[in-house]
Each structure stands twice: as structure tokens, then as C-alpha cells.
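Everything below concerns the one structure shown next.
Just so you know, all these numbers are worked out from the coordinates, no wet-lab data involved. Values in this document were obtained by computation on a predicted structure and should not be read as measured data. Using ideal geometry, Cβ is built from the backbone for each residue, glycine included, and neighbour counts are taken over all protein chains shown.
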Amino acid sequence: MFTDCPTQHILPEMAMPQNYVPKPVDTSLVALPEGVAELTEQLAKNNHEVWSQTRMAQGWTYGPNRDDAKKQHPCLVPYVELPETEKKYDRDTAIGALKLIIALGYKIEKA
């Protein structure tokens, strides 16, 4: 869902260097604490809501197929109506954020 990199505002001289190599923090060994499934789903839903709100503020509307010229997108629907593949993308993003928080030394616990 978040596959649109806003490069249209970048001047050619500011383009990404050819030697850029992404180096995310390795969270492969981080185990999420029990009970964060609900938090993961809430984060995933909110991620979709923020994305939808941003798109709509940019003039996008729902359309059965993505059409950049018409600013239509099939994922501009409530989270519960998203296809499972899109929900998985949002969940994976949430899980990645939670694992990074733990990897950076923070604790995740319900107040």
C-alpha cells in the first residue's frame, strides 16, 4: 500500500546516490512479548487510517482499480474491508516497528 515514493519533488541533482545500501536494524532475533497481537492489529489499522487520510487529503478517492491519473485507489476502504494481503502488509509494518522498539531497548507493556 505504501509503495509510492514521493520523488516528484526531488530535483535531479538530489537524486538518490547509486551506492545507497539500506541498513535497517536487524530485528530477526527479537521476540515480541505475549499479548501484543491486539496491539499489532491496532497499529496496523491505524497505519491504514493514516495512509487513507493522507491520500484523501491529496484528493484521492475509492476506485475499483488503482488509477494515478484519476487519483483512485481500491484500498481506500475501511481496514476491515481490505484484502488479507493488504492487512498483512500493515501488520508486518506494525510488527517491524514493535521489534525495533524492543531492539532499541524499550519495553512494551500495557499500562
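Mind checking which aspartates and glutamates have their C-alpha under 17 Å from Lys45, skipping anything on the same chain fewer than 8 residues away?
Reachable aspartates and glutamates: Glu81, Glu84, Glu86, Asp90, Asp92.
Treating the beta-carbon of each Lys and Arg as +1 and of each Asp and Glu as -1, no other charges, what is the dipole magnitude of the chain about its Cα centre, to the nearest 20 debye?
I would put it at about 100 debye.
If the label point is 7 Å along Cα→Cβ of Ser28, which residues in the stretch 88-103 have backbone nitrogen under 19 Å from it?
Backbone N within reach: 92-93, 95-103.
How much length, in nm to one decimal, is gained on full extension between Met56 and Ile101, taken as 0.36 nm per residue of separation minus their Cα-Cα distance?
Here the answer is 13.2 nm.
Using 1/(1 + (r/R0)^6) with R0 = 25 angstrom and r between the beta carbons of Asp68 and Asn19, what's the FRET efficiency to the nearest 0.05?
0.25
What length, rounded to one decimal in nm, is gained on full extension from Val77 through to Ile108, with 0.36 nm per residue of separation minus their alpha-carbon distance?
Length difference between fully extended and current span is 8.2 nm.
Enumerate the calculated ³J(HN,Hα) couplings along the stretch 52-67 in order (Karplus 6.51 cos²θ - 1.76 cosθ + 1.60, θ = phi - 60°), each rounded to whole Hz, writing x wherever the residue is Gly or Pro.
4, 4, 5, 4, 5, 5, 8, x, 7, 9, 5, x, x, 9, 5, 9
What value, in deg cm²/dmol to 500, does the helix sum -39500 (n - 2.57) over DSSP H runs of n ≥ 4 give at 222 nm once divided by the residues of the chain?
-13000 deg cm²/dmol
Which listed residue (Thr85, Gln53, Leu32) has the Cα farthest towards the positive end of the charge dipole for the stretch 30-103, taking +1 on Lys and Arg C-beta and -1 on Asp and Glu C-beta about the Cα centre?
Gln53
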